[in-house]
Amino acid sequence: MNIGIFTDAYTPVVNGVVNAIENLHMNLLSLNHKIYIFAPGYPGYKDDCSNIYRFKSIILSKKVNYPVSIPYSRSIFNTINNLSLDIIHCHHPFLLGRLGLYFARRLKIPLVGTFHTQYESYIHYIPFNRYFIKKLTLWALKDFASNCDVLIIPAESRKEQLEHSGISGNIRVIPNGIKLEQFNKLNGKRVREIYSISPEDKLLIFVGRLAKEKNLDFLLECFEYILEQFPSVKLMLVGDGPESKRLITKTSKFTEKVILTGQIKHEDIGDYYGAADVFVSASTTEVHPIVLLEAMTCGLPVVAISSIGYKDTIISGIDGLLCRENVKDFSEAVLLLLKDKFKRYSIIQNARKKVERYSINTTTRQIIDVYSSLLKK
């Protein structure tokens with residue numbers, strides 16, 4: 001198949017959505033499909049692949065540092081018209097997603113959409129009236145969904161939430177997939193040596209953008225509670241984002257107990273998981289977080305808020321622990337895993353078994369089945 005992928009976020013941006021798209025891209029290529037990616041350009045970045053087409057973009061905010069596409073290029077439009085695309089798959093409902101919709105209709109080929117994000121949880125980044133932006137966002141989601149031949153949602157609870165908001169259509173739930181083999185060999189000792197973490201210290205790890213929607217202030221409150229009960233513990237925040245500078249200041253009171261690594265290469269992330277003892281997340285704005293699957297694959301027990309994305313994957317008490325957004329509840333769940341090695345071992349074993357169903361090979365096959373069914377019509 002000749003597949004056009006339209007996305008408003010792509011490399012070198014590092015986040016779970018980009019990872020999910022890139023995992024799908026590479027797996028489709030390995031199965032001998034021809035993939036053409038249409039994405040925003042990024043200042044100073046050049047691709048090493050000839051199948052990626054970049055639109056001019058602007059950075060609206062240095063704080064967020066995400067490129068926003070200008071969805072017009074006569075040369076790229078001519079290319080799209082001449083690629084003999086069989087299907088278009090849009091991973092965002094805005095800008096380049098709308099462009100993908102336009103070309104799907106122009107070329108009379110099927111359109112598949114994926115909603116990776118709880119967009120309504122990110123409107124604080126847009127400097128306009130929030131009520132108006134929320135209404136506009138909901139309208140855009142409804143309109144885009146109604147124009148998709150199939151709409152993919154990575155989590156059942158997000159599907160239910162969207163349907164409750166009036167979004168309907170031919171919706172399929174297909175979770176994100178990860179490359180399980182990427183995490184076969186972990187060198188956690190190397191990471192512990194880099195950050196001077198002793199073998200006696202227990203390490204909690206968060207991986208993701210350091211941003212308001214990740215609820216990191218709550219996570220730090222919990223860490224303060226945990227530290228009082230279990231002094232030989234450290235917290236590592238892996239990632240970068242608009243809250244980085246503020247968090248450096250906020251965590252200074254913990255002396256050497258909180259480590260902010262900054263952005264790291266994704267190919268190194270397995271070693272960071274391998275260095276840790278428990279994965280923690282207080283985010284309530286995910287859909288189907290890649291980092292959760294990565295942590296489970298690496299043998300890390302997970303403590304998270306019982307919210308969309310996490311409750312779709314974890315059965316609390318069996319293959320992870322889910323809590324209310326309450327400092328004591330969350331902290332006690334972490335302490336349980338730090339103190340009870342039998343509970344910890346049981347959760348790790350169950351999580352490793354479950355995560356096999358999220359292999360990129362499995363989820364890619366499900367997406368190919370969607371493509372094939374549409375092309376048969």
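Each reported figure results from applying straightforward, stated rules to the coordinates on display, with no laboratory input. Source: prediction; values computed, not measured. Counting neighbours? That spans all protein chains shown, and the Cβs are built from the backbone with ideal geometry, glycine included.
In what sequence, highest mean first, do 181-187, 72-78, 99-105 appear when ranked by Cβ atoms within 10 angstrom?
Numbers: 181-187: 14.1, 72-78: 12.0, 99-105: 20.6.
Listed from highest to lowest mean packing, they are 99-105, 181-187, 72-78.
Going by Cα centres, segment 106-143 and segment 231-285 are how many Å apart?
The distance from the Cα centre of segment 106-143 to that of segment 231-285 comes to 30 Å.
Points 7 angstrom from Cα along the Cβ direction at L375 and V173: gap in nanometres?
2.8 nm
Determine, for each peptide in 17-29, 133-145, the mean count of other beta carbons within 10 angstrom over its residues, then list the peptides with the highest first. If you can, show how the numbers build up before the last one.
Numbers: 17-29: 19.7, 133-145: 16.2.
Per-residue Cβ counts within 10 Å, averaged per peptide and sorted highest first, yield 17-29, 133-145.
Highest mean first, how do 207-217, 285-295, 239-249, 163-173 rank when packing is the count of other Cβ atoms within 10 Å averaged over residues? Show your work: numbers first, answer last.
Details: 207-217: 20.5, 285-295: 25.7, 239-249: 15.8, 163-173: 14.2.
My ranking of the peptides, most packed first, is 285-295, 207-217, 239-249, 163-173.
Tell me which residues come under 5 Å, amide H to amide H, from I52 once H is placed; ignore anything under 5 positions away on its chain.
The answer is I37.
Quick one: length gained pulling D48 to S75 fully straight, 0.36 nm per residue minus the C-alpha distance?
Numbers: separation 27, 0.36 × 27 = 9.72 nm, distance 1.95 nm.
Taking D48 through S75 to full extension adds about 7.8 nm, to one decimal.
Give me the log10 of I(q) over I(0) for segment 1-129 at q = 0.11, 0.20 Å⁻¹, as the Debye formula computes it from C-alpha points; what are the numbers?
With one equal scatterer per Cα and no solvent, log10 I(q)/I(0) is -0.37, -1.26.
Below 14 angstrom from the Cβ of H266, what's the summed charge of the other residues (Lys, Arg +1; Asp, Glu -1)?
Numbers: positive: K179, R209, K265; negative: E22, D240, E267, D268, D271, E294.
Summing Lys/Arg as +1 and Asp/Glu as -1 gives -3.
List the residues, sorted by chain then number, that are 5 or more residues from C323 or on another chain and whose placed amide H is less than 5 Å from its amide H.
HN-HN under 5 Å from C323: A304, I305, S306.
Can you give me the distance in nm between label points at S61 and N184, each placed 7 Å from the Cα along the Cα-to-Cβ direction?
4.2 nm
At each listed q (0.09, 0.15 Å⁻¹), what is the log10 of I(q)/I(0) that the Debye formula gives for segment 180-357 modelled as equal alpha-carbon point scatterers?
-0.26, -0.80
Over 24 Å between Cα atoms, which of K214/K245; K214/K343; K311/K354 qualify? Intermediate results must be reported in sequence, preceding the final value.
On the way: K214/K245 15 Å; K214/K343 27 Å; K311/K354 14 Å.
Violating the 24 Å Cα-Cα cut-off are K214/K343.
Which of C323, C298, C49 moves the most in a Gaussian network model of the chain with Cα springs under 10 Å?
C49
What list of ³J(HN,Hα) couplings, whole Hz, do you get for segment 321-331 from phi and the Karplus terms 6.51, -1.76, 1.60, once you set θ to phi - 60° and write x for glycine and proline?
3J(HN,Hα) across segment 321-331, in whole Hz: 10, 10, 9, 5, 7, 9, 4, 5, 4, 5, 5.
Return the aspartates and glutamates within reach of K253: Cα separation strictly under 15 angstrom, same-chain partners fewer than 8 residues apart disregarded; answer none if there are no such residues.
D217, E221, E224, E228
Answer with one residue from S157, F144, Q118: the one whose Cα lies farthest towards the positive end of the charge dipole of segment 87-159, charges on Cβ with Lys, Arg +1 and Asp, Glu -1.
So the residue furthest toward the plus end is F144.
By how many degrees, 0 to 90 and rounded to 10, does the Cα axis of helix 130-147 deviate from the longest principal axis of the chain?
It is inclined by approximately 50 degrees.
About its Cα centre, what dipole magnitude does the chain give when the only charges are +1 on Lys and Arg Cβ and -1 on Asp and Glu Cβ, stated in debye to the nearest 20? Mind showing how you got there, number by number?
Values: 48 positive and 37 negative charges, 163 e Å.
That gives the chain a dipole magnitude of about 780 debye.
Less than 15 Å Cβ to Cβ from I174, Lys/Arg counted +1 and Asp/Glu -1: what total charge do the surrounding residues give? If you can, show how the numbers build up before the last one.
Working: positive: R158, K159, R172, R357, R365; negative: D149, E156, D312, D369.
After counting each charged neighbour, the total is +1.
Give the percent of DSSP beta bridges with both residues in the chain that are antiparallel, rounded to the nearest 5.
Working: 4 of 46 bridges.
Percent antiparallel among DSSP bridges in the chain is about 10.
Check which residues have an amide H placed less than 5 Å from Y66's amide H, if you skip close sequence neighbours.
Answer set, sorted by chain and number: L60, S61.
Setting aside same-chain residues fewer than 8 positions from K377, which lysines have a Cα under 27 Å from its Cα?
K34, K108, K142, K159
Largest first, please: the extent of the C-alpha atoms of the chain along each principal axis, to the nearest Å.
62, 42, 41 Å, listed from the longest principal axis down.
Over what distance in Å are the Cα centres of segment 6-21 and segment 299-314 separated?
22 Å
Just add up the charged neighbours of C298: K/R +1, D/E -1, any other residue whose Cβ is under 12 Å from the Cβ of C298.
Details: positive: K185, R352; negative: D271, D277, E294.
Surrounding charge for C298 is -1.
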